[in-house]
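J.: I have a structure I would like to understand better, so I am pasting it below and will then ask my questions one at a time.
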Amino acid sequence: GAVVSQHPSWVICKSGTSVKIECRSLDFQATTMFWYRQFPKQSLMLMATSNEGSKATYEQGVEKDKFLINHASLTLSTLTVTSAHPEDSSFYICSAITIGVGVFGEGSRLTVL
Amino acid sequence: QQQVKQSPQSLIVQKGGISIINCAYENTAFDYFPWYQQFPGKGPALLIAIRPDVSEKKEGRFTISFNKSAKQFSLHIMDSQPGDSATYFCAASISTSGYALNFGKGTSLLVTP
């Protein structure tokens, strides 16, 4: 079946640094990918829609300059958390749509010290 | 603003029993209703999904019941097993908007031996 891969699975960084998370669709092309954020024991909240070759669409309340999204190819979207702070610590999950089905990556747990 | 309301928040079922999780929505533009299963530290995995043109869909031990007039849908897990213990999320999306998912808050299911 369709697979979406995220890297890294875990990342720990110091406050003030930037972290890049990659999301790849391994066996299909995705013009649109989605980035979600999940706090412990909570639901997934849509952060932004990543569109190949164009600017991402951010949900209300999500800082565009803090969460930079790049969708450079039909199989890769990246999320960069810039100047990370402890409150950015969370589980970040991407998904891609294939034949109308949302396939999720395994998630990336970010811990900012 | 939670567009999909899910209940119960947690559920304990004995092995072999039926687990029932309910969701309700308001936006009549939603036309795709998936259920996802999530284990700790992992991304969500699609279990089963339904569209409004059918009232029920069954795949193995999992059944979705859909009531369009009431704007409600539910997941039934028959013959629940300890391996089904996980968090379940209902979601809804609009296919013409790219399938960005609006998730319920999740139900933590525990199936006891």
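J.: How well do other chains shield peptide A:95-106, expressed as the mean number of their Cβ atoms within 10 Å of each residue Cβ?
T.: Mean shielding count: 5.
J.: Then there's this: Determine how large the accessible area of A:LYS64 is when every protein chain is in place; take a 1.4 Å probe and give Å² rounded to the nearest 10.
T.: Answer for A:LYS64: close to 130 Å² accessible.
J.: Now for a different question. Just need the relative contact order of chain B here, percent rounded to a whole number, with Cα pairs under 8 Å and 6+ apart.
T.: 38
J.: Something else about it: Quick one: what are the phi-derived ³J(HN,Hα) couplings along the range A:30-44, Karplus 6.51/-1.76/1.60 with θ = phi - 60°, whole Hz, x for glycine and proline?
T.: 9, 6, 10, 10, 10, 10, 10, 10, 9, 8, x, 6, 10, 7, 8
J.: On to the next question. Two-decimal Rg/Rh of chain B from alpha-carbon positions, Kirkwood Rh?
T.: Values: Rg = 13.4 Å, Rh = 14.0 Å.
Using only Cα positions, Rg/Rh for chain B is 0.95.
J.: Please report the relative contact order for chain A, taking Cα pairs under 8 Å with a sequence separation of at least 6, and give it as a percent rounded to a whole number.
T.: Dividing the mean separation by the residue count of chain A yields 37 percent.
J.: Would you please give the residues with an amide H less than 5 Å from that of B:LEU47, counting only those at least 5 places away or on a separate chain, with H modeled from the backbone geometry?
T.: Correct list: B:TRP35, B:TYR36, B:GLN37.
J.: For the range A:65-79, in order, what is each residue's ³J(HN,Hα) by Karplus, 6.51 cos²θ - 1.76 cosθ + 1.60 with θ = phi - 60°, in whole Hz (x at glycine and Pro)?
T.: Running phi through 6.51 cos²θ - 1.76 cosθ + 1.60 with θ = phi - 60° gives 6, 8, 10, 7, 10, 10, 10, 7, 9, 6, 10, 9, 10, 10, 10 Hz.
J.: Compute the distance in nm between two label points, each set 7 Å from the Cα along the Cα-to-Cβ direction, one at B:ILE18 and one at B:GLN81.
T.: 2.0
J.: Moving on. So what are the radius of gyration and Dmax for the Cα set of the range B:1-64, in Å?
T.: Cα only, the range B:1-64: 13.2, 37 Å (Rg, Dmax).
J.: Here's a follow-up. Roughly how crowded by other chains is peptide A:24-36, in terms of the mean Cβ count from those chains within 10 Å of each of its Cβ atoms?
T.: 1
J.: On each of the three principal axes of the Cα atoms of the protein assembly as shown, give max minus min coordinate, whole Å, ordered largest first.
T.: Cα extents, longest axis first: 49, 38, 34 Å.
J.: Quick one: net charge of B:PHE103's neighbours, Cβ under 15 Å, K/R +1, D/E -1?
T.: For residues surrounding B:PHE103, the net value is +2.
J.: Also: So if I place +1 on the C-beta of Lys and Arg and -1 on the C-beta of Asp and Glu, and nothing else carries charge, what would the dipole magnitude of the protein assembly as shown be about its Cα centre? I want it in debye, nearest 20.
T.: Dipole about the Cα centre, nearest 20: 280 debye.
J.: In terms of the Cα gyration tensor, with a ≥ b ≥ c the square roots of its eigenvalues, is the range A:36-104 rounded because a/c is under 1.5, prolate because a/b exceeds b/c, or oblate?
T.: Values: a/c = 1.99, a/b = 1.25, b/c = 1.59.
It comes out oblate by the Cα gyration axes.
J.: Could you list, by residue number, the cysteines of the protein assembly as shown that have no other cysteine's beta carbon within less than 4.7 Å of their beta carbon?
T.: A:CYS13, each lacking another Cys Cβ under 4.7 Å.
J.: Moving on to the next point. In a shell of Cβ-Cβ distance under 11 Å around B:GLY17, excluding B:GLY17 itself, what net charge do Lys and Arg (+1) and Asp and Glu (-1) give?
T.: It works out to a net charge of -1.
J.: Need one value for B:36-47: mean number of C-beta atoms belonging to other chains within 10 Å of its residues' C-beta atoms. The partial results should precede the final answer.
T.: On the way: counts 4, 0, 6, 0, 2, 6, 7, 15, 11, 3, 7, 0.
Per residue, the average neighbour count from other chains is 5.
J.: What does the C-alpha gyration tensor say about the overall shape of the range B:38-87? Classify as rounded when a/c is under 1.5, otherwise prolate if a/b is larger than b/c, or oblate.
T.: prolate
J.: What does the charge count around A:ALA48 come to, taking other residues whose C-beta lies under 14 Å from its C-beta (Lys +1, Arg +1, Asp -1, Glu -1)?
T.: Result for the local shell: 0.
The values are calculated or read from the model by the stated rules, or taken from the named source; none is laboratory data. Fair warning: this is a prediction, and the values are worked out from it, not measured in the lab. Because the Cβ atoms are built from the backbone with ideal geometry, glycine has one as well, and the counts that use them run over all protein chains shown. SASA here: full protein model, heavy atoms, side chains in, ligands and nucleic acids out. Shrake-Rupley method; radii C 1.70, N 1.55, O 1.52, S 1.80 Å.
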